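The values are calculated or read from the model by the stated rules, or taken from the named source; none is laboratory data. The model shown is predicted, which means the values in this text are computed figures rather than measured ones. When we count neighbours, we look across all protein chains shown, and the Cβ atoms used for this are built from the backbone with ideal geometry, even at glycine. Quick note on the areas: whole protein, heavy atoms, side chains included, nothing else; ligands and nucleic acids left out. Shrake-Rupley method; radii C 1.70, N 1.55, O 1.52, S 1.80 Å.
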Amino acid sequence: MGRPFPPVVATLRDRVAAADVLLLVTPELNRGIPGNMKDVVDWLGILAPPRPLAGKPVVLMSASPNRFGGAFAQLQLADLLRRSGAEILSDLDVAIGHAQRHLDDHGVLVGEDPRREIAELWQRVLTRVQTDRQVVPA
């Protein structure tokens, strides 16, 4: 019998296990991921069935007020995820630097460059998932 998880954690683990690909979006805090993102990865990484991150393709997005766009947070998050068996699709990431310049007063993304990057990311993710799902005849 697996570990008993709080209901919300069990639901999250089941949903992640059933997903074709996981998109994780994080801000950057002091050149790393915020504590609540670490908590989520820790819950998903517990090695009890189902192992939701084992072999799971993961795409990362981040934003930061610095020019690097959350790249440090992405590196930290990717390292944590790999330890739990996830496959980081590092060729499909997006990092938005100077994020405050691309948001309106309500926190809505209005910058054209980031919007284009995100739209391109989704297209690449969909293409990747469709390619991975294709069945090759024996």
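Only helices enter the 222 nm calculation for the chain: every DSSP H run of n ≥ 4 contributes -39,500 (n - 2.57), and dividing by all residues gives -13500 deg cm²/dmol, rounded to 500. Rounded to 0.05, the FRET efficiency of the N30 and A54 pair, given R0 = 25 Å and the Cβ-Cβ distance, is 0.25. Close amide-amide hydrogen proximity is noted between R51 and no other residue 5 or more places distant or on a separate chain, at a cut-off under 5 Å (H modeled in the peptide plane; Pro and chain starts excluded).
Using only the alpha carbon atoms of the chain, find the Kirkwood hydrodynamic radius as the inverse mean reciprocal pair distance, in angstroms to one decimal.
Details: mean 1/r = 0.0621 Å⁻¹.
For the chain, inverting the mean 1/r across all distinct Cα pairs yields 16.1 Å.
Extension gain, I118 to L75, is 13.6 nm, computed as 0.36 nm per intervening residue step minus the present C-alpha separation. Note on D91: accessible area approximately 100 square angstrom, rounded to 10, probe 1.4 Å, nucleic acids and ligands left out. For L126 and R82, a Förster radius of 22 Å and the Cβ-Cβ distance give a FRET efficiency of 0.40, rounded to the nearest 0.05. A 1.4 Å probe run over the protein chains yields, for the chain, 63 Å² of accessible area per residue, whole-number rounding. Within the chain, DSSP assigns beta bridges of which about 15% are antiparallel (rounded to the nearest 5). Distances between placed amide hydrogens fall under 5 Å for E87 paired with G55, K56, V58, all partners being 5 or more residues away or on another chain.
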